[in-house]
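All remarks here apply to the structure that follows.
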Amino acid sequence: MFNIDLFSLGTQLLPVRWRKPRMSAWIRCLLTPLNTLYTLFLNNRSGNHYRLSHTGQVCSLEALLNDAYDPGRHISIEDGPFLDPLFIYIPDEDRDVPISLVSELPHDDYEAPIYLLTVAETATEAEQFVVRYPTSISASFDEIRWRALIDQYRLVGKNTYSFSPF
């Protein structure tokens, strides 16, 4: 990272015979707005580096939330509930749930039909992940700020999530 001291640079660029206290003060007054902009630039740059160092991965989101809200590092992210869809196999594959026609089964072995469902029908309606935070920070919990921070970094496909104190 670069670091420029504009005040000393302004004084050093003056001719030697002009390097008096009064002229140095004048140069310092002229460079103060530029130094303010330079400080804002450095702060923005460090903020951008911090923002770019975090991703939508669980470990990165946990670190981000712990940095922002919990110095004790107790915030965690867990997967939401997931229901496995029913997979159906042909009898030759010798798996748990074979599929066969009613005419292929003997009459007394007939079972209730198993209906095939699409991915949208078997997908879970619940949260895709749960953010768990300690009860010690429940008093200062602001869901809008938390959601804004998580939405900035979460993966696009992760649409639903919830918060849960522990």
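For Q128, the amide hydrogen comes within under 5 Å of the amide hydrogens of T160, Y161, counting only partners 5 or more places away or on other chains and with H modelled in the peptide plane.
Distance from the C-alpha centroid of the range 8-52 to that of the range 126-166: 42 Å, rounded to the whole angstrom. Between E143 and L155, the simple spin-label model (points 7 angstrom out along Cα→Cβ) gives 2.5 nm. A straight chain from S76 to S162 at 0.36 nm per residue would run longer than the Cα-Cα distance by 29.7 nm. Note on T55 and C29: their simple-model spin labels are 5.3 nm apart, each label 7 Å out from Cα toward Cβ. The distance between label points at T135 and N48 comes to 4.5 nm (points 7 Å beyond Cα on the Cα→Cβ vector).
Hey, with R₀ at 35 Å, roughly what FRET efficiency would F7 and A63 work out to, going by the Cβ-Cβ distance, to 0.05? Efficiency for this residue pair is about 0.40.
Taken together, the values in this text are just the output of simple stated rules run on the coordinates, not laboratory data. Just so it is clear, the model here is predicted, and its values are computed rather than measured. So basically every Cβ, Gly included, is an ideal-geometry build from the backbone, and we count neighbours across all protein chains shown.
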